[in-house]
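In what follows, a structure is listed as structure tokens, so that the remarks can point back to it.
The values are calculated or read from the model by the stated rules, or taken from the named source; none is laboratory data. Since this is a predicted model, take the numbers as computed values, not measurements. Here the Cβ is made from the backbone with ideal geometry for all residues, glycine too, and neighbour counts use every protein chain on show.
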Amino acid sequence: MKFHAAGSGNITGGNMKQNLSDQIIQLDYSEEMRTSFRDYAMSVIVSRAIPDVRDGLKPVQRRILYSMTELGLDPTKPHRKSARIVGDTMGKYHPHGDSSIYDALVHMSKDYALMIPLVDGHGNFGSIDGDGAAAMRYTEARLSPGAMALLEHLEKGLIDFMPNFDGTEKEPVVLPAMIPNLLINGTTGIAVGMATNIPPHNPDEVIDGVIAYMDNPEISTRELMNYIPAPDFPTGGTIINVDEMEQIYETGEGKIRIRAKAEIENGDNGRKNIVITEIPYTVAGNKSKLVESLSGLIREKVFDEIHDVRDESSKEGIRIVIEVKRDRDIENLLNGLYKKTLLEDTYTVNLLAIKDQQPVIFNLKGLIREFVDFQVEIYTKEYNFLLDKAQKRLEVVDGLIKATDVIDLIIEILRGSSSVKQAKSCLMEGDTTDIKFKSEASRKEAASLRFTEKQADAILSMQLSKLIGLEILKLHEEKESLLNSIQEYEKVLGSTKELYKVIKKRLLEYKKLFHSHRRTMLINAQSKDYVEEFKVEDIYVLIDRFGYVKSLDSTSYSRVLDETLKEYNYIIQMKNTDRLCCFTAEGNMFQVKAESIPRCKMKDRGALIHTLCKLDKEDVILYTSFEQLFESQLLFVTRNGYIKQVSGAEFETNRSQVNATKLEEDDKVAGITLLSAGDILSGNMKVVILTDNNLMLAFPLSEVPELKKASRGVKAIKLDKNDKVCHGTAVGPDTESITYNNKEYNIKKIRLRKRADKGQKIKQQ
């Protein structure tokens with residue numbers, strides 16, 4: 001598929017058609033879309049979402065920190081309005097929305113998100129509860145000591161700079177990070193087609209791991225884990241799948257299971273309290289939602305053991321109290337909370353970072369190797385910078401020392417010169433032209449002078465105080481010091497081993513500065529199933545004519561007026577451990593666990609039975625508890641006049657739906673009657689069949705055989721061609737009438753016949 005793009009230009013008169021055709025560019029649509037999307041994807045990956053493997057920063061974070069450096073906001077200076085920082089960052093380096101810049105600024109200040117915060121915030125920067133930061137016009141910020149470990153060597157020319165978005169400024173390609181920020185603080189980001197999720201680690205452990213790698217570049221992942229056993233989250237908690245960490249660190253991908261830290265305390269009124277003191281890192285910034293979800297467990301009665309939930313957290317730390325009812329299994333409840341709430345969560349690891357403008361998935365050793373290589377690069381540049389600076393200073397010091405030896409001649413040159421340029425030329429090249437000397441000997445001596453330009457500049461700007469004997473002595477001491485420094489710098493630059501020593505020394509200094517004890521515990525634990533503590537009790541299931549169902553406990557039911565109960569077609573007493581069985585005209589049986597039926601107040605409507613057991617449009621003709629069903633015989637009567645008895649034991653199943661009986665294609669169940677053992681053993685029960693044409697047949701129940709539920713049954717009544725059974729039931733010998741469809745039928749005058757006879761015409765009362 002191709003499209004045409006017309007170029008711009010002035011087109012007039014009769015040449016319009018010709019000019020347009022000349023400016024049409026033939027493009028392949030699919031290729032153009034492919035190229036454009038690829039360019040967009042790489043822009044998002046490299047320029048927004050994924051951090052650089054060297055300094056561990058995304059572009060927006062790097063630009064914020066550099067802008068703050070330009071504003072002079074180091075840790076010793078006062079805080080500055082966040083709006084100013086955001087404005088400078090957006091105007092100079094990051095031409096995107098101010099909200100995204102401010103969000104990044106806020107994130108870098110969170111001590112519950114980063115192991116070493118990079119921004120020192122002043123004001124409301126949000127909280128672990130999930131509260132948002134105040135508007136940028138109200139908050140202030142400055143760089144933290146952690147940020148200085150990434151920035152403090154900028155002036156040494158250790159990194160390259162590139163033009164900003166409009167070419168008016170220069171911004172750093174990467175910051176000269178002296179600590180492994182990517183591993184220590186971690187990061188998260190979603191790009192196009194990929195995402196990064198690097199967990200934070202303990203600074204002490206990471207630095208020890210880096211040093212171990214420098215001592216042995218062939219170190220294995222397992223050996224590295226002696227120093228870096230697992231991530232360390234600022235929120236603490238417990239990693240419960242430590243055995244899987246080696247695989248995660250080896251591949252750069254995997255899942256970490258984090259569990260909240262819980263303690264058991266004695267509460268009021270003989271209760272025990274579960275106290276949450278540390279939460280999973282994944283919940284940081286959403287603690288209030290976690291508390292709300294725990295409170296919801298009470299409302300929804302998910303855990304009957306919980307009496308109350310309250311948040312007692314303060315500046316001293318997190319404290320979420322879960323009050324447990326007396327005499328309950330707390331360990332079992334904890335298992336349930338870990339299983340069904342965010343007190344246990346999964347952190348997906350994906351060690352993705354940018355290297356040479358390309359996204360790469362690293363393993364643990366790979367990230368450390370990239371950091372060490374970067375350190376070698378910037379330390380080499382630093383020591384070259386220091387060496388050059390020392391050599392330049394040595395040149396000047398040598399010149400000043402030499403000048404003190406011939407200071408009288410230099411004074412004579414200065415007095416005899418008509419300009420600084422003339423004097424400088426004499427000092428550098430021995431040019432004595434037009435300079436007045438006291439003697440020819442002085443002229444000859446001046447002609448032999450050969451100071452360098454730097455030395456000449458230093459001599460010309462030298463203060464007379466430098467001629468004091470003590471100052472001259474200081475120059476000699478400085479020279480000695482410079483010579484020693486140059487020797488040391490050359491030694492470091494000449495040996496990788498010596499360079500490593502310098503890197504290690506500084507890393508140990510940062511380790512001392514950012515020292516932190518491990519916050520996250522490490523164990524191996526399997527998630528245990530929650531065994532629901534269930535108190536067996538009687539309940540009453542109420543079903544109205546519209547199919548709404550609800551359950552009441554026996555206490556609530558006892559307070560309901562008889563008049564109110566008349567509104568319900570079915571009232572079934574059962575245990576809360578039982579099942580509600582629903583038999584339909586279509587010959588199916590559906591089951592609903594009693595615990596699934598909503599426990600309601602009498603005024604509540606409940607839930608539609610169709611939604612609880614997926615009845616769809618089937619008509620329910622019998623509701624019963626499974627306990628009652630199991631102990632009964634079922635009398636089935638169908639529209640086509642078939643009848644049978646089925647043992648209730650045949651319906652014992654865990655399936656939510658089963659076929660209750662076999663039906664012909666055009667047949668349906670007309671009636672189902674539950675018969676007790678006493679009914680059957682009495683021998684005087686009779687079956688009454690009623691048809692659409694008001695024909696009725698009665699015969700002894702003993703003539704109805706007991707069959708399997710998969711059988712069709714036997715003939716109950718001989719039907720006319722256009723007649724169908726509408727109702728069938730079993731009654732005792734003293735029953736005088738039956739009710740069907742709100743109509744009462746007198747059965748006293750119906751004499752007993754044999755099964756499968758024709759019915760007798762009757763009149764309704």
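General observations
- Within the set N269, N226, N197, the sole residue that is of a type in the set (S, T, N, Q) and either part of a loop (DSSP other than H, G, I, E, B) or free of Cβ contacts under 8 Å to residues at least 40 places away in the same chain (or both) turns out to be N226.
- Among the conditions (1) modelled with pLDDT of 95 or more; (2) assigned to a helix (DSSP H, G or I); (3) of a type in the set (D, E), the only one that D232 does not satisfy is (2).
- Selected residue (only one of K668, K686, K724, K708 is touching a helix residue (DSSP H, G or I) at 6+ places or on another chain (Cβ under 9 Å), crowded, with 17+ Cβ neighbours inside 10 Å and of a type in the set (D, E, K, R)): K686
- A104 falls short on exactly one of the conditions (1) in contact (Cβ under 8 Å) with a residue 24 or more places away in the chain; (2) closer than 20 Å to E152 by Cβ; (3) hydrophobic (A, V, I, L, M, F, W, C), and that condition is (2).
- Listing of strands (runs of 3 or more DSSP E) fully contained in segment 682-748 that carry 3 or more residues being within 21 Å of L663 (Cβ to Cβ) and not assigned by TED's automatic domain parsing to the domain that holds T661: none
- Against the criterion of being closer than 22 Å to Y500 by Cβ and either more than 21 Å from the chain's Cα centre (by Cα) or surrounded by fewer than 16 Cβ atoms within 10 Å (Cβ to Cβ) (or both), V376 qualifies.
- When S82 is tested against (1) within 28 Å of P280 (Cβ to Cβ); (2) crowded, with 20+ Cβ neighbours inside 10 Å; (3) among the hydroxyl-bearing types (S, T, Y), only condition (1) is not met.
- Screening T555 with (1) under 44 Å from the mean Cα position of the chain (by Cα); (2) not in a strand (DSSP E or B) gives one miss only, at (1).
- Just one of the numbered conditions (1) touching a helix residue (DSSP H, G or I) at 6+ places or on another chain (Cβ under 6 Å); (2) modelled with pLDDT under 90 is not true of E498: (2).
- Among the residues of segment 637-665, those identified as touching a helix residue (DSSP H, G or I) at 6+ places or on another chain (Cβ under 9 Å), under 17 Å from L615 (Cβ atoms) and either not in a strand (DSSP E or B) or not hydrophobic (A, V, I, L, M, F, W, C) (or both) are F651, S656, Q657, A660.
- Qualifying residues in segment 530-542 (those that are at pLDDT 65 or above, surrounded by 10 or more Cβ atoms within 10 Å (Cβ to Cβ) and among the charged types (D, E, K, R)) - the one farthest from M574 (Cα to Cα): E537
- Some residue of segment 613-636 being in the same structural domain as G713 (by TED's automatic domain parsing), surrounded by 22 or more Cβ atoms within 10 Å (Cβ to Cβ), outside any strand (DSSP E or B) and in contact with a Ser or Thr (Cβ under 9 Å, 6 or more places away or on another chain): no
- The one condition in (1) basic (K, R); (2) closer than 30 Å to I486 by Cα; (3) assigned to a strand (DSSP E or B) that R310 fails to fulfil: (2)
- Qualifying residue in segment 425-439 (condition: part of a helix (DSSP H, G or I) and in contact (Cβ under 8 Å) with a residue 40 or more places away in the chain): no
- Criterion (small (G, A, S) and surrounded by fewer than 19 Cβ atoms within 10 Å (Cβ to Cβ)) met by exactly one of G72, G56: G72
- Summed over segment 382-408, the residues that are aliphatic (A, V, I, L, M) and touching a Phe, Trp or Tyr at 6+ places or on another chain (Cβ under 8 Å) give a count of 4.
- Residues of segment 399-450 satisfying the condition of being at positive phi and of a type in the set (D, E, K, R): D434
- In segment 249-266, the residues that are more than 21 Å from I330 (Cα to Cα) and crowded, with 22+ Cβ neighbours inside 10 Å: Y249, I256
- Among all positions in segment 252-261, there is at least one residue which is in contact (Cβ under 8 Å) with a residue 12 or more places away in the chain, touching a Gly at 6+ places or on another chain (Cβ under 7 Å) and farther than 16 Å from I322 by Cβ.
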